[in-house]
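Below: the structure, in structure tokens.
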Amino acid sequence: MEMFFTNPVILDPGVIIMTINEGDFIKISYTGKLEDGSIFDTTNEEVARVHNIHDPNGRYGGDVIIIGVNQMISGLEEDIKEHEAGYEGTVTIPPEKAFGDRNPKLLRDLPLRRFEQKLHEGMVVQYDGKQGTVLKVMGRHARVDFNIHMAGHVITYDYKIDAVLEDLKEKAVGLSALYMSKEMDIEIDGTVARVSVPLEFNYLQHWLNTKAQMALDMLKYTELTEVLYVETYTEELLKPDSEEEEQSEAEEPDESEPDEPEEEEE
């Protein structure tokens, strides 16, 4: 198994700075902006709330990324590799090193009758398995852009390299958060990782699609030789919540016979 290690640079006696290299696990905090200053992505929860892009199911506080495995846009990764842990700065990235140039062939004029809902400018729609944005509604047709939203834009990232991770457990937990937006409970025994899978993940298609790739990344980019996914069931975990039971009972219709109205006295 090919391994990568950081290379220390000694500036002064007793002072060592770890440069960023291929295969390094780094924790990074960032905010991405378009040319007009609008923010499209951030690891800062307060910034997300202020700019109306907050995801209640998202995880904030920084992402763990592996350098060199295409987990971020190339322009940002290139800039990161020029610095070391603790660096904080800004990089402006052209479209070809960000989300690509806009493809005019992905602009389509489509009949309105092909959509069930009434379309309006700026609306996000699904068509033929692809997601697009309505640019204009013209008579009985709509012009829909199937380019990804950030295509063709110059992107600016304000970012900080919070740390270069060396601990095996931190790397594994960081990868779980990257894939599932939640730090999973992981125990390391030598080169074996035991990953406790929350019961609710069993109902998520995303988990079923993701768990193999997450395990592969752990095995390929760390010293781990085995990843065990563990599901634990107890009666306490499986029984319905008492409050939900009470609410369900309260919502059940009363099937008892209604009292007959009393006859009025003449």
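The table below lists the values:
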quantity: Output for the range 70-99, where each listed residue is among the acidic types (D, E) and over 11 Å from Y157 (Cβ atoms); calculated: E78, E82, E84, E88, E96
quantity: Members of the range 224-255 found to be at pLDDT 80 or above and hydrophobic (A, V, I, L, M, F, W, C), listed by number; calculated: L224, V227, L228, V230, L238
quantity: Matching option when the condition is among the basic types (K, R), over 30 Å from D158 (Cβ atoms) and assigned to a strand (DSSP E or B), among R108, R113; calculated: R108
quantity: Residue count, the range 64-96 (criterion: surrounded by 14 or more Cβ atoms within 10 Å (Cβ to Cβ) and either in a strand (DSSP E or B) or touching a helix residue (DSSP H, G or I) at 6+ places or on another chain (Cβ under 7 Å) (or both)); calculated: 9
quantity: All positions within the range 126-171 that are open to solvent by 80 Å² or more (accessible area, probe 1.4 Å) and assigned to a helix (DSSP H, G or I); calculated: K169, E170
quantity: Top-ranked residue of the range 217-238 - restricted to ones that are part of a helix (DSSP H, G or I) and either open to solvent by less than 90 Å² (accessible area, probe 1.4 Å) or of a type in the set (A, V, I, L, M, F, W, C) (or both), ranked as nearest to E170 (Cα to Cα); calculated: M218
quantity: Among the candidates V134, V125, V47, V144, residue that is among the aliphatic types (A, V, I, L, M) and under 25 Å from L175 (Cα atoms); calculated: V47
quantity: One residue from R108, R140, R59, R114 being free of Cβ contacts under 8 Å to residues at least 24 places away in the same chain and either farther than 20 Å from E22 by Cβ or aromatic (F, W, Y) (or both); calculated: R114
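The values are calculated or read from the model by the stated rules, or taken from the named source; none is laboratory data. All values reported here derive from a predicted model rather than from experimental measurement. Methodologically, a virtual Cβ is constructed for each residue, glycine included, from the backbone with ideal geometry; neighbour enumeration extends over all protein chains shown. Each accessible area value is taken on the protein alone, full model and side chains, heavy atoms only, with ligands, DNA and RNA left out. Shrake-Rupley method; radii C 1.70, N 1.55, O 1.52, S 1.80 Å.
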